[in-house]
Amino acid sequence: MSPSDSLADEPFSYVSRSDGSIVVRYREAPVTLLRGKAAERFATRMSGADGTAAQQLMARVTGNFKRGNERDAKGGR
C-alpha cells in the first residue's frame, strides 16, 4: 500500500483557533498543535492544496506517522 492509498479516506483534518494556532487531528483525535510561524506556514500551504496534497501535508506536520518502511505484523522481525 502506498502512502497516498492510506490517505484515501482522508483521516486528517485541522481546526484553526481564534488565537491563531492550528490543531491537526487524526481521525478526530488531536495530534499536533501549530503556533506562530509554523501555523502561518501551514495555513499558506493548505490554501493552495487539493485533497490528496492536503492529507500529505497534514501527515508530514504530525511528524512520526507511517513512512512506508514499517514491517507487516505477519512478517515477524
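Read-outs: derived from the displayed coordinates by stated rules, not from any lab. Fair warning: this is a prediction, and the values are worked out from it, not measured in the lab. In this analysis, Cβ positions are derived from the backbone assuming ideal geometry, glycine residues included, and neighbour counts consider all displayed protein chains.
Which of the trypsin sites (Lys or Arg not before Pro) found in region 5-53 are loop residues per DSSP with 13 or fewer other Cβ atoms within 10 Å of their Cβ?
Values: sites: ARG17, ARG25, ARG27, ARG35, LYS37, ARG41, ARG45; in loops: ARG17, ARG27, ARG35.
Here the sparse-neighbourhood loop sites are ARG17, ARG27, ARG35.
Taking only Cα atoms of region 3-63, what ratio of Rg to Rh do you get with Rh as the Kirkwood inverse-distance radius? Write out the running numbers ahead of the final one.
On the way: Rg = 10.9 Å, Rh = 11.6 Å.
Ratio of gyration radius to Kirkwood radius for region 3-63: 0.94.
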